[in-house]
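Undergrad: Handing you a structure now.
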Amino acid sequence: MDIPYTTKLRPDTGLYNGKLGMWLFLASEVMLFGGLFSAYIYLRVGAPADTWPHGWLNVTLGTINTVILALSAITTLLAWAALKANQFSRYKLFGAITIVLAIAFLGIKSYEYRDKLTHYQVHLKDGRIADGHMGEKTADHIVLHGRYVASVAETLNGHAKEAHAHEEIKIARADIKSMKNYGPAQNNFLAIYYSITSLHALHIIGGIIVLAYLWGPGSKMWHTEPERFTNRVEVTGLFWHFVDLVWIFVFPVFYLT
């Protein structure tokens, strides 16, 4: 059975069905991420003075990931352009580069998550607060690579770039009143940060799966229906550009403010 408008343009929209469907999907994605960014603005504006964290994220890693996604947007476009020029081997090259760049992005993001999830704030029974990365753990004590702070407010400015010397702090478990890592439950900043970036990462993973399929077994369609295959690559590229665009908002909002 011939599926209509897989290559021909619809007379009512001027688009083939795949592109029309992707634009409708991306419209819903705008509403999804728009709601999350609106929540961030609401929480940020409503936060009491001097209670919102600054400088907790690694700007260098965020910049590298921004460059990586920008390059992947270019290679995605070049892959589609190669097919339009009937250069299948160049498509394979640029498609492979896109996939590698996407995996590199996830690797850096995973490292950032690990850095935060191994960072702890420990409240002691004597009123002191220890802040640092978890080291050795035993039944009797824990070791933090960090510092003592006078109050929680002292931790709000600049974890990623602080100039404070870190030391090895050995803390007896009997002296611990409470402790938690810098996960989503730590505060509103981290809650919305993990919500948006993890959702974005899921989109990256989904994009990798589709890109890898089209690069691998799905590329067989090129030899039978080249125009339809090219359209599939174009539609996937639209999704990938949207993923890139979301990160362009994530980077300044979370890393630079």
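The values are calculated or read from the model by the stated rules, or taken from the named source; none is laboratory data. Computed from a prediction, not measured in an experiment: that's the story for all the values here. Cβ: placed from backbone, ideal geometry, glycine included. Neighbour counts: every protein chain shown.
Undergrad: Taking Lys19 and the conditions (1) within 24 Å of Asn157 (Cα to Cα); (2) surrounded by 15 or more Cβ atoms within 10 Å (Cβ to Cβ); (3) out of contact with any Phe, Trp or Tyr (no Cβ under 8 Å at 6 or more places or on another chain), which numbered condition does it fall short on, given that it satisfies the others?
TA: The one condition Lys19 does not meet is (1).
Residue-wise test of (1) in a helix (DSSP H, G or I); (2) touching a residue at least 24 places away in the same chain (Cβ under 8 Å); (3) within 31 Å of the chain's Cα centre (by Cα); (4) at positive phi.
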{"position": "Arg90", "(1), (2), (3), (4)": "yes, no, yes, no"}
{"position": "Ile108", "(1), (2), (3), (4)": "yes, yes, yes, no"}
{"position": "Asp131", "(1), (2), (3), (4)": "no, yes, yes, no"}
{"position": "Val143", "(1), (2), (3), (4)": "no, yes, yes, no"}
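Undergrad: Any residue in the stretch 195-207 that is at pLDDT 95 or above and outside any helix (DSSP H, G or I)?
TA: No, the conditions are met nowhere in the stretch 195-207.
Undergrad: Does Gly158 qualify as being more than 18 Å from Ile176 (Cβ to Cβ) and at pLDDT 95 or above?
TA: Considered against the rule, which asks whether it is more than 18 Å from Ile176 (Cβ to Cβ) and at pLDDT 95 or above, Gly158 comes out as no.
Undergrad: Hey, another quick one. Go through (1) crowded, with 16+ Cβ neighbours inside 10 Å; (2) in a loop (DSSP other than H, G, I, E, B); (3) without any contact (Cβ under 8 Å) to a residue 60 or more places away in the chain and name the single condition Ala185 misses.
TA: The one condition Ala185 does not meet is (1).
The rows are residues; the columns are (1) hydrophobic (A, V, I, L, M, F, W, C); (2) in contact with a Leu (Cβ under 8 Å, 6 or more places away or on another chain); (3) touching a residue at least 60 places away in the same chain (Cβ under 8 Å).
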site	(1), (2), (3)
Lys180	no, no, yes
Leu199	yes, yes, yes
Ile205	yes, yes, yes
Ile209	yes, no, no
Gly216	no, no, no
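Undergrad: Moving on. So is Asp126 surrounded by fewer than 19 Cβ atoms within 10 Å (Cβ to Cβ), assigned to a loop (DSSP other than H, G, I, E, B) and charged (D, E, K, R) or not?
TA: yes
Undergrad: Here's another thing I want to ask about it. Cβ contacts < 7 Å: first residue without any contact (Cβ under 8 Å) to a residue 60 or more places away in the chain, restricted to the stretch 239-251; second residue in a helix (DSSP H, G or I), any location; separation 6+ or different chain. Result?
TA: These pairs meet every condition: Val250/Ile196; Val250/Thr197; Val250/His200.
Undergrad: Select, from His166, His123, the only residue that is outside the structural domain of Pro217 (by TED's automatic domain parsing) and under 27 Å from Thr60 (Cβ atoms).
TA: Values: His123 fails: under 27 Å from Thr60 (Cβ atoms).
Being outside the structural domain of Pro217 (by TED's automatic domain parsing) and under 27 Å from Thr60 (Cβ atoms) holds for just one of His166, His123, which is His166.
Undergrad: Still on this structure, please answer the following. Gln121 passes all but one of (1) part of a helix (DSSP H, G or I); (2) polar (S, T, N, Q); (3) in contact with a strand residue (DSSP E or B) (Cβ under 6 Å, 6 or more places away or on another chain); which number fails?
TA: Among (1) part of a helix (DSSP H, G or I); (2) polar (S, T, N, Q); (3) in contact with a strand residue (DSSP E or B) (Cβ under 6 Å, 6 or more places away or on another chain), Gln121 violates only (1).
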